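Structure record follows, encoded as structure tokens.
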Amino acid sequence: MTTKPKPAPAATCVAALLVFVASVTLQAWLLMLVVGAVAGLAATPTIGYGTALLFILGANLLVGYARRLFRPSK
């Protein structure tokens, strides 16, 4: 019986970081598109990619903090 070797911790960390960066950029791009579409329908200001990126990072930080607050104690 052979066992699969576990990936190195550094490789796992790099993979997680790449997935995080890719997901944040995609979320910010989609937020920018949605706000631009809403601006065409209502009198709302449009936001650029940098502002959308900061909104997404702030929302992710708040969600992480809220998850830590409501995590069951062991």
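The values are calculated or read from the model by the stated rules, or taken from the named source; none is laboratory data. Note that the structure is predicted; figures quoted are calculated from it, not measured. Every residue, glycine among them, receives a Cβ derived from its backbone with ideal geometry; neighbour counts consider all protein chains shown. All accessible areas refer to the heavy atoms of the entire protein, side chains included, with ligands and DNA or RNA removed. Shrake-Rupley method; radii C 1.70, N 1.55, O 1.52, S 1.80 Å.
Spacing of the modelled spin labels on T12 and L41, each 7 Å from Cα toward Cβ, amounts to 4.4 nm. Per-residue ellipticity at 222 nm computed for the chain from its helices equals -26000 deg cm²/dmol, with DSSP H segments shorter than 4 residues left out and the rest contributing -39,500 (n - 2.57). If I fit a long axis through the Cα atoms of helix 49-69 and take the longest principal axis of the Cα atoms of the chain, what angle between them do I get, 0 to 90°, rounded to 10? Its long axis makes an angle of about 50 degrees. L17 contributes about 100 Å² of solvent-accessible surface, heavy atoms of the protein only, 1.4 Å probe.
Within the range 3-74, list the chymotrypsin sites (Phe, Trp or Tyr not before Pro) lying in a DSSP loop whose Cβ has at most 13 other Cβ atoms in a 10 Å radius. Those that pass, being in a loop and sparsely packed, are F70. Size descriptors for the chain: radius of gyration and Dmax over Cα atoms are 18.4, 66 Å.
Please check which bits of the range 2-25 a label hung off A59 would reach, taking the label as a point 7 Å along Cα-to-C-beta and the cut-off as backbone N under 18 Å. What the label zone holds, given the 18 Å backbone N cut-off, is 20-25. Once the 1.4 Å probe is applied to the protein heavy atoms, the chain comes out at 86 Å² accessible per residue.
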